[in-house]
Amino acid sequence: MRRSGFIFIIIILMISGLAFAGEFSNFFWQVEKGDVTVNLCGSVHLMKPDYYPLRDEIEQAFEESDVLVLEFDINKIDMNKIQELINTKGLYPEGESLETDLGEEYYGKLGSELAEYKCTVESVKNQKPWYMTMTLSSVRVSELGYTAEGGTDLYFAQKAKGHKEIQQLETPESQFELLSGLNEKIQIEYLKDIIDKREEFNQEVEELMQSWIVGDDSTMYRLMNEEIKENPDLTGYYNKLFTERNLKMTDKIEQYLTGDTAKEYFVVVGSGHYLGDDGIVNLLQERGYSVVRK
C-alpha cells in the first residue's frame, strides 16, 4: 500500500461540500433546461478561511439562486442519532480496545503523535480503527491550516440560512454508515499506514489541494483513483463511496432540471463526484444535458 491512507484523505476533504476558493477555482459548472438552472459547485470539506470570498462567478450564482443544495443540511443534523451511530459503529464494545488491534508498537507510536496535539492515547483507545484514522487525519489536516470552520459547506449554509430554501441530497446518518463500512482488516492496515507515513500524508494533502487550486481535473482524478488500482480489495468500497452515490445525486439533480417550477439551484458536493466517466458531469451529459464549465 504505497499511498498513506489516501482513501481517508479523500473522505475527509471531499465527502462533504465546500467549493475550493480563490480566483483559480475551476470546479464549477452550469446546466440549464427551460426555465431551470442548476449550478454545480465542486467541494472539499476543510479549507483555509482566508480563501473567501470565492470567484465572482460562483458568488453571483449563489446570490441569484433560489435553493441551496448540500450533501446534507448542517442545520438538520440530529446529534442524538449521530451519537448513537458513534457508539454503535465508531466505538469498541466494553472489554475491547484499539490497543489490542494495533499492537504495542503502533499503539505507542500513535500515543507519541497524539501527545504533540495535547491528547492522550488513553482518551481515544475506545475508537475503532476507521474512526481513529478519521480523527488522526482530521487533526493532521487541521494542523496544515485546513479547518471545518473554513469549510464552504458551512460558508454557504450560513449565508443561506433564513434567506434561501436549503435541501439535502443525503443525510449525515447515511454518510456515517458509509464511512464505517470499510473492512475491519483494511481499517487496521490504513491506520498503521498513516501512523508510519505522517510526512507523506501531509504531502499528499497539499498535492490534492494544489490540483483544486489550478483546476487540474486529471491530477485530481488520478490521485483519487490511484489507490484503487493498487488495491483491488477497495473496489466495492469505492463503488459505494462514489459510483453509487453519483448515480443517486445525478437522479436528484435531473429531478430539479425536469421540475415544472422555474428555479435556480446551487448544488455543493464533493469535487470528486463530478469527475470521470461515472461522475455527475458525464452522467448528465450522457442523459442529453449540456453541462458548461464556468
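For the listed residue pairs 185/248; 33/294; 48/125; 164/263; 89/125, the alpha carbons are over 20 angstrom apart in 185/248; 48/125. Residues whose amide H falls under 5 Å from that of residue 55, counting only those 5 or more places apart or on a different chain, are 22, with hydrogens built in the peptide plane. Relative to the dominant Cα principal axis of the chain, helix 129-143 is inclined by about 70°.
For segment 182-187, 3J(HN,Hα) computed residue by residue from phi via the Karplus equation (6.51, -1.76, 1.60; θ = phi - 60°) reads 5, 3, 4, 5, 5, 3 Hz, glycine and proline entered as x. With the alpha-carbon atoms of segment 148-294 aligned to their principal axes, the span from lowest to highest coordinate is 53, 35, 33 Å, starting with the largest.
If you take the Cα centroid of segment 88-125 and the Cα centroid of segment 173-202, the two points sit 14 Å apart. Please give the calculated 222 nm ellipticity per residue for the chain, where each DSSP H segment of at least 4 residues contributes -39500 (n - 2.57) and the sum is spread over every residue; nearest 500 deg cm²/dmol? When only DSSP H runs of four or more count, the value is -15000 deg cm²/dmol. Per-residue 3J(HN,Hα) values for segment 168-174, derived from phi via the Karplus relation 6.51 cos²θ - 1.76 cosθ + 1.60 with θ = phi - 60°, read 10, 8, 9, 10, x, 5, 5 Hz in sequence order (x marks Gly and Pro).
Just want to confirm a number: the relative contact order over the chain, from Cα pairs under 8 angstrom separated by 6+ residues, in percent. Rounded, it is 39 percent for the chain.
Taking square-rooted eigenvalues a ≥ b ≥ c of the alpha carbon gyration tensor, is segment 96-136 rounded, prolate or oblate, where a/c under 1.5 means rounded and, failing that, a/b exceeding b/c means prolate? Taking the square roots of the gyration eigenvalues as a ≥ b ≥ c, segment 96-136 is oblate.
In segment 209-294, the inverse of the mean reciprocal separation of distinct Cα atoms equals 14.3 Å; this is its Kirkwood hydrodynamic radius.
Laboratory data are not the source of any read-out in this text; all were calculated from the coordinates shown. Fair warning: this is a prediction, and the values are worked out from it, not measured in the lab.
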